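The values are calculated or read from the model by the stated rules, or taken from the named source; none is laboratory data. Remember, predicted model here, so these are calculated numbers, not experimental data. Here the Cβ positions follow ideal geometry from the backbone for every residue, glycine too, while neighbour counts run over all protein chains shown.
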Amino acid sequence: MWIKGSTAAVLVFTTTIAFAAAQDYQIVRVASVAGATIDGLKPKTIFFTDHRADETSDKGAFIRFEEWSRTRPNQAKLLNLFPGFKEGMVHKVIDGTRKEVKDELQMYVTEARFMLSRPATSVDLKTFAKLPFIQSIDPSIKHEAIKPSDISLKDEKSQNNKNPDRAWCEGAGVTACIRSNYKLEGKLPIGVALANKLRDSERKLSDSIEFESEMRLLSAADVDEEGMKKLTGVNTPVAGVLEQNMFHVNQVMRFGKLLAVFQPNPADAKSTITTVVIALAVGSSTLEQKKKYENVPVLRNLVPSQVLLGNSSFNTGNSISAGLPSYVRNRIKAIAGILDRG
């Protein structure tokens, strides 16, 4: 049974409830979520990995898009922006000459697993594939519903994100089309202003992250069942899949995808094993700007890779400004709490 029908009105989750629910969950780092034993998963516990060697370095955090596609083919197949997506070509001024170069990407991929205390067939995914669910996860990010005609795929880098098979926010299974805005917190806006002084005629950085995404429920026909089982490491039928495709971002990232896969617990059919996998594509040019920042004393702690991984004195809070690891963990904890309480 893929999606349980419901005549009840969509629940409007408050951010207070979401925050309280998230605090109940504890993160346990594992080397591999798919390889971790389900027997060791306790209630209110989240198995998590972002593939980093440790919490203080970027070793293992990012993998080049081409290497990701080659060495993790199943993961890349399921988490790519759309089937057949490849790095696009963009124009840059190099040594005073405008040249066409590949827009190289690096992937930050996280995997998480937690248990819901009810059967997989009782999870009403229609309830969670709506704007109120997204709004309840992180109060720091503001969201609004938009129409497909409002989508912002206009600049050169965004052109490569157009789905050749269908228009974004259209087609079977799409439940919401969303524009989101997050204003950087703490000292980061000051850091952005200082960094812009180094960029000369380059495109200036913004102190806000803006992105557009769609929520989608996958039908049984849309799902590669064996591929999903391999991704999750759980060998029970896939009861449902919730997908979020982030197809436009104004800076730093190129795209993102979240998959939440629901399967019966093989050890207890009265509970559900939920696997959440998030893939974020970051521009290699952003990650490789180390020297430009290190040579300016006041900006040495603004090296992009350090900021993205939460290892900079500029990082703050619990949302995107805290760095990707903290942001993703807090988001997954909120999702787990809301799903379990729902």
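Per-structure values
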quantity	calculated
Residue list for the range 78-128, restricted to those being of a type in the set (Gly, Ala, Ser) and under 20 Å from the mean Cα position of the chain (by Cα)	84, 112
Test: residue in the range 281-294 that is buried (at least 23 other Cβ atoms within 10 Å of the Cβ) and touching a strand residue (DSSP E or B) at 6+ places or on another chain (Cβ under 6 Å)	yes
Condition check for residue 54: at pLDDT below 85, charged (D, E, K, R), within 24 Å of residue 251 (Cα to Cα) and surrounded by fewer than 19 Cβ atoms within 10 Å (Cβ to Cβ)	no
Matching residues in the range 181-193 - criterion: being loosely packed, with under 14 Cβ neighbours inside 10 Å and not in a strand (DSSP E or B)	193
Test: residue in the range 297-316 that is touching a helix residue (DSSP H, G or I) at 6+ places or on another chain (Cβ under 8 Å), closer than 29 Å to residue 43 by Cβ and surrounded by fewer than 20 Cβ atoms within 10 Å (Cβ to Cβ)	yes
Residues (small (Gly, Ala, Ser), part of a loop (DSSP other than H, G, I, E, B) and over 12 Å from residue 173 (Cβ atoms)) located in the range 214-248	233, 239
Matching residues, the range 94-114, being free of Cβ contacts under 8 Å to residues at least 24 places away in the same chain and part of a strand (DSSP E or B)	94, 97, 98, 99, 100, 101, 102
Tabulated pairs, the range 60-87, first over 20 Å from residue 102 (Cβ atoms), second surrounded by 15 or more Cβ atoms within 10 Å (Cβ to Cβ) and among the aromatic types (Phe, Trp, Tyr), C-beta under 8 angstrom, 6+ apart or interchain	61/108; 75/68
Every pair of residues 6+ apart whose Cβ atoms lie under 7 Å, when the first sits in the range 224-237 and is under 13 Å from residue 34 (Cβ atoms) while the second is crowded, with 17+ Cβ neighbours inside 10 Å and of a type in the set (D, E, K, R)	235/229
